[in-house]
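Notes follow the structure.
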Amino acid sequence: MRSSPKLTRPGSVPRPALAFVLALAPLVLLANEPESEAAPEVIVASVDSVIQVVVAEFIEEVVAEADRVRAEALVVELSTPGGEMQAMRRVFTTFLEAATPVVVYVSPSGSQAASAGFFILLGADLAAMAPGTNTGAAHPVAGGGEDIPGAMGEKVTQDAAATARSLAARRGRDEELAESAVLESKSFTAQEALELGLVDLVAPSLQSLLVDLDGRVVEKGGRELTLSTREATVRRMEMSAFQRVRSIIAHPNVAILLMSLGSIGLIFEITHPGSIFPGVVGALCLILGLWAMSVLPVNYAGLALLFLAVVLWVLEVKIPSFGMLTVGGAISFCLGAMMLFKDADPALRASLNLIIAVGITIALVALALARLALKAQRGRVATGHEGLLDELALVSAAIEAGSPGKVRLHGEIWNAESDVEVGVGDRVRVLRVDGMTLRVEPAGDG
């Protein structure tokens with residue numbers, strides 16, 4: 001018997017298909033559910049050093065990362081006594097070109113944003129300070145801390161003042177006060193800067209800063225952005241280990257120390273060839289010191305004086321001058337180190353106490369090495385025929401006038417001649433060496 005086919009009503013769905021649709025329904029609803037918005041992200045970077053090329057590179061990397069991830073804001077925690085002018089311009093130019101709102105926060109309490117740091121603070125979209133901090137004192141000075149004289153001083157000062165006015169005007173801050181920090185070296189506490197309109201807010205901590213920033217409007221690229229930082233996720237970016245090492249090296253005091261250690265190693269290797277270790281360490285220090293010179297604003301006359309000092313110290317070892325070359329090298333070193341760095345910012349000056357201490361130390365080392373070299377030159381020759389002169393020998397075969405005998409010297413048996421008779425067992429002194437024969441005389445009791 002054939003079974004009759006099952007009939008379905010028109011428009012009905014077969015049971016297997018219905019079960020498949022019901023199984024997929026939760027997945028379809030989940031796929032169509034609107035995605036929850038990710039929490040806004042704030043990137044925080046800290047700068048606690050002199051402003052130089054490595055800091056500028058780090059800031060450029062941080063800004064690029066903030067733009068890439070479309071961060072809500074970039075907060076730069078700043079504490080600096082100043083720095084190099086070109087590096088400073090790179091930093092605030094990066095801020096001006098950034099797509100991400102940049103907040104410079106002078107912190108923690110006790111920090112400062114002086115000199116070059118003041119310009120960086122002015123270049124931020126929003127400027128903030130922690131209580132107990134200060135900013136300003138941006139008047140350019142010469143390498144010794146004095147005012148730059150003449151037309152050059154006026155040119156540098158007016159350029160810095162114009163930069164301060166330009167940054168203040170762009171950010172809607174008080175131009176006259178910004179200019180006074182340059183022309184009159186004025187400095188402002190956090191509360192004074194807030195009341196005078198140089199900064200936008202004072203916050204005791206990063207968390208309170210983010211709360212105060214929430215809802216503020218910042219203009220970037222011709223459009224207004226409203227910050228949402230209250231519930232933002234904070235991500236810190238730090239310098240790499242290599243950048244930290246380079247940042248430490250790129251400091252005037254460290255550069256002077258590296259050059260001095262390199263000089264000592266070089267002098268020691270020249271006076272003691274084959275020592276290897278002092279030469280390797282000295283060469284490494286010199287290379288690192290020269291790298292620091294390449295990224296710092298160097299006065300080439302000062303660099304020439306440093307190399308002259310090294311030459312004079314090496315000559316003292318080779319040509320004893322009773323200390324005159326050493327003194328000349330010490331004076332050359334101190335003068336060169338004092339005029340080595342030509343930047344107008346006082347933060348880029350080497351410490352005078354360090355310069356004097358290093359100069360005296362290297363001079364003493366050079367004198368000590370010169371004394372050792374002179375002593376070695378005047379000492380007895382210990383090898384060859386010359387090394388046998390004045391040595392005492394023991395007679396092993398009697399020496400008669402006109403007839404040679406035998407003597408034992410340094411474990412060897414030598415033919416020996418003497419103008420007087422010398423018996424076996426007597427001690428004789430070597431007067432000269434004639435080929436393989438020693439000319440001797442009785443040593444007596446001495």
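Listed values, structure above:
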| quantity | calculated |
| --- | --- |
| Overall dimensions of the stretch 33-120 as given by Cα atoms, namely Rg and Dmax in Å | 14.3, 54 |
| Vicinal HN-Hα couplings computed from phi for the stretch 54-64 (Karplus, 6.51 cos²θ - 1.76 cosθ + 1.60; Hz; Gly/Pro x) | 5, 5, 4, 4, 5, 4, 4, 5, 5, 5, 4 |
| Using θ = phi - 60° and Karplus 6.51 cos²θ - 1.76 cosθ + 1.60, couplings along the stretch 209-225 (whole Hz; Gly, Pro as x) | 4, 5, 5, 5, 6, 4, x, 6, 9, 10, 8, 9, x, x, 10, 9, 10 |
| Amide H contacts under 5 Å for S228, placed H, 5+ residues apart | G215 |
| For V106, residues with placed amide H under 5 Å, excluding near neighbours | L78, A128, M129, A130 |
| Gain in span if fully extended, H410 to A64, counting 0.36 nm per residue against the direct Cα distance | 116.8 nm |
| Packing-based order for 58-70, 93-105, using average beta carbon neighbours within 10 Å, highest first | 93-105, 58-70 |
| Pairwise label distance in nanometres, E238 with A443, each label 7 Å out on the Cα-Cβ vector | 7.0 nm |
| Extension gain from N299 to D159, taking 0.36 nm per residue of separation minus the Cα-Cα distance | 48.3 nm |
| Packing rank of 388-399, 40-51, where each peptide gets the mean count of other beta carbons within 10 Å, highest leading | 40-51, 388-399 |
| Burial order of peptide ranges 207-219, 72-84 (average beta-carbon count within 10 Å, highest first) | 72-84, 207-219 |
| The stretch 402-425-the stretch 177-199 distance, computed between alpha-carbon centres (Å) | 96 Å |
| Long-range amide H partners of L438 with built H, under 5 Å | N415, A416, E417 |
| Rounded to whole Hz, the Karplus (6.51, -1.76, 1.60) HN-Hα couplings of the stretch 189-196, x for glycine and proline | 6, 4, 5, 5, 4, 5, 5, 8 |
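Read-outs: derived from the displayed coordinates by stated rules, not from any lab. Bear in mind the structure is a predicted one, so any value in this text is a computation, not a measurement. Reconstructed Cβ throughout: ideal geometry from the backbone, glycine too, with neighbour counts over all protein chains shown.
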